[in-house]
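The values are calculated or read from the model by the stated rules, or taken from the named source; none is laboratory data. Just so we're clear, the structure is a prediction, and the values are computed from it rather than from any experiment. All Cβ positions, glycine included, derive from the backbone under ideal geometry; neighbour counts span all protein chains shown. Keep in mind that these areas ignore ligands, DNA and RNA; they rest on the heavy atoms of the full protein, side chains included. Shrake-Rupley method; radii C 1.70, N 1.55, O 1.52, S 1.80 Å.
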Amino acid sequence: MLHSLKQLLRHRALVQSLVARELKARYRGSTLGLLWSFINPLLLLSIYTFVFTTVMPGARSAGIEPPFSLFLFCGLLPWTWFSSSLLESSNSLIAGGNLIRKVLFPAEVLPIVTVFAGLVHFCLGLPILAAFFVYYRVPVPVTDLAWFPVIVLEQLLLTLGFALMLSALTVHFRDLRDLLTNVLTLAFFLTPIIYPISQAPAWARPFLNLNPFTTLAVSYQEVLAIPGPFLGWPRLLIFAVVSVLVCAAGYFVFDRLRDTLAEDV
């Protein structure tokens, strides 16, 4: 496994090249092209804001001090990166079967590329998030903002771990692709994105905390949207260990199944 990790570091240029190819292929033939990276999160945010402020105002959580759309965007933007990366990576080895049948091609590069392509879209959505802060005149303390790269790094490690694991397992169990869609839909509502975790019933909070994305969502909200100093840093530091372990476990599973991947794609 350590040897494979060292080999992977040597393929940094390949990952960069494939990420660029993935982004170009996604918008090839599109009139707006890369602008969809800005338009998609805005459309998604508009739909959720309309539903929870106009259609179902009673379902909206009370007691949220920042504007609801700003609170929602702080959780929705990273969730979109997480969920889309897992869905696309689960099919990445099957779609790239011609590549991984080549002896010298590192198969783990394919799910990694989907995660980093999602990271690019996430970063492109950040200027929109910043524009919301300016529009609503919501200040973000610099001391809190310093934790933002830490949260992003932890999400990157967590997503890479799940992506590697799911991509390898889906080659052998094709039903995982359909199951994953439903699991992610359930996980979305079990993650405090459209509601603050403080509004969840006390008996439900331990179950919500079993969701690995809960810590990330709450951290994004506390750092960016919720007034006051960021007090969740001890929890975030503990979660750093969890994200590293998930990443290592994902790569371990992938490495164990590596020899059988080319046969089954």
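Take residue 235 and decide whether it is modelled with pLDDT under 90, more than 15 Å from the chain's Cα centre (by Cα) and open to solvent by 80 Å² or more (accessible area, probe 1.4 Å).
no
So, residue 258, is that one in contact (Cβ under 8 Å) with a residue 24 or more places away in the chain and in contact with a Ser or Thr (Cβ under 8 Å, 6 or more places away or on another chain) or not?
Against the criterion (in contact (Cβ under 8 Å) with a residue 24 or more places away in the chain and in contact with a Ser or Thr (Cβ under 8 Å, 6 or more places away or on another chain)), residue 258 qualifies.
Among the residues of the stretch 147-194, which ones are hydroxyl-bearing (Ser, Thr, Tyr) and either open to solvent by less than 40 Å² (accessible area, probe 1.4 Å) or touching a His at 6+ places or on another chain (Cβ under 8 Å) (or both)?
Scanning the stretch 147-194 gives 159, 167, 170, 191.
Out of curiosity, is residue 69 at pLDDT 90 or above, open to solvent by less than 40 Å² (accessible area, probe 1.4 Å) and hydroxyl-bearing (Ser, Thr, Tyr)?
no
If you go through the stretch 136-193, how many residues are free of Cβ contacts under 8 Å to residues at least 24 places away in the same chain, among the charged types (D, E, K, R) and either closer than 15 Å to residue 78 by Cα or assigned to a helix (DSSP H, G or I) (or both)?
Final tally of qualifying residues: 1.
Suppose we keep only residues that are of a type in the set (S, T, N, Q) and either buried (at least 18 other Cβ atoms within 10 Å of the Cβ) or not in a helix (DSSP H, G or I) (or both) within the stretch 195-216. Which one would you say is modelled with the lowest pLDDT?
Result: 211.
State whether one or more residues within the stretch 149-160 are under 16 Å from residue 243 (Cβ atoms) and of a type in the set (D, E, K, R).
There is at least one residue in the stretch 149-160 that is under 16 Å from residue 243 (Cβ atoms) and of a type in the set (D, E, K, R).
Which of the residues belonging to the stretch 101-128 are under 26 Å from residue 229 (Cα atoms) and surrounded by fewer than 18 Cβ atoms within 10 Å (Cβ to Cβ)?
Listed by number, the residues that qualify are 123, 126, 127, 128.
Within the stretch 79-100, take every residue that is open to solvent by less than 10 Å² (accessible area, probe 1.4 Å), in contact with a Pro (Cβ under 9 Å, 6 or more places away or on another chain) and over 20 Å from residue 189 (Cβ atoms) and give me the one that is modelled with the lowest pLDDT.
The residue in question is 93.
For the stretch 217-230, check the following and say yes or no: at least one residue is under 30 Å from residue 93 (Cα atoms) and at pLDDT 90 or above.
yes
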